[in-house]
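First up is the structure itself, then whatever we jot down about it.
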There are 2 protein chains.
Amino acid sequence: MKKAVFYHAGCPVCVSAENKVITLIDRKNFDLEVVHLGEEKTRLAEAERAGVKSVPALVLEGEVLHINFGASLSDLR
Amino acid sequence: MKKAVFYHAGCPVCVSAENKVITLIDRKNFDLEVVHLGEEKTRLAEAERAGVKSVPALVLEGEVLHINFGASLSDLR
């Protein structure tokens, strides 16, 4: 089981992307965690270390997929 | 079976995103088509109509997920 983390901030762009990612992703192979960075600010540093510049973003196997653009990570501090 | 179209242009950002999308996507529910817009220029208009502004991008169920940024669609003409 591989791990994928979807970071978002509750914005409309985030919610729309989240819905798509949830339907798209192969849940047999990926364990998907959804993290709301507006509510879990303690995880901002972790997202930053993973290379997340903006949300929504999906991190998997050490790579970041920035999906559309909702907000910069710096605006969530 | 739902249809998903991944548009790219062969750029390094595109290839990296493509690899991720191919592993991520639930192929039991999604029929994934990969379109190289540099080689299939006749499909640029279709991508544009779908709302694609840049590649790589994934179109599914009428929505566009722009994934990272490789090139603007206008630069592929």
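No lab work stands behind these numbers, since they all come straight from the coordinates. Please read these numbers as outputs of a predicted model, since none were measured by experiment. Every residue, glycine among them, receives a Cβ derived from its backbone with ideal geometry; neighbour counts consider all protein chains shown.
Some observations on this one:
- Cα-based convex hull, the protein assembly as shown, per residue volume (Å³, whole number): 103
- Remark on residue A:26: its backbone amide H falls under 5 Å from those of B:25, B:26, a criterion applied only to residues 5 or more positions apart or on other chains, H modelled at 1.01 Å from N.
- Rg over Rh, two decimals, chain A (C-alpha only, Kirkwood Rh): 0.93
- A from B by rotation - nearest chain B beta carbon to the axis, in Å: B:26, 2
- Among the listed pairs A:2/B:3; A:20/B:20; A:3/A:28; A:20/B:2; A:2/A:41, those beyond 19 Å (Cα-Cα): A:2/B:3; A:2/A:41
- Pairwise label distance in nanometres, residue B:28 with residue B:41, each label 7 Å out on the Cα-Cβ vector: 4.3
- Within chain B, helix-based [θ] at 222 nm, where runs of 4 or more DSSP H residues each add -39,500 (n - 2.57), nearest 500: -7500 deg cm²/dmol
- 5 angstrom amide H check on residue A:71, placed H, neighbours 5+ away: A:55
- In order along segment B:31-36, phi translates into HN-Hα couplings of 8, 9, 10, 10, 10, 8 Hz, rounded to whole numbers, per the Karplus curve 6.51 cos²θ - 1.76 cosθ + 1.60 with θ = phi - 60° and x for Gly and Pro.
- The amide H of residue B:34, built 1.01 Å from its N in the peptide plane, has B:6 as neighbours under 5 Å, considering only residues 5 or more places off or on other chains.
- Each Cα pair under 8 Å and six or more residues apart adds its separation to the average, and for chain A the resulting relative contact order is 40 percent.
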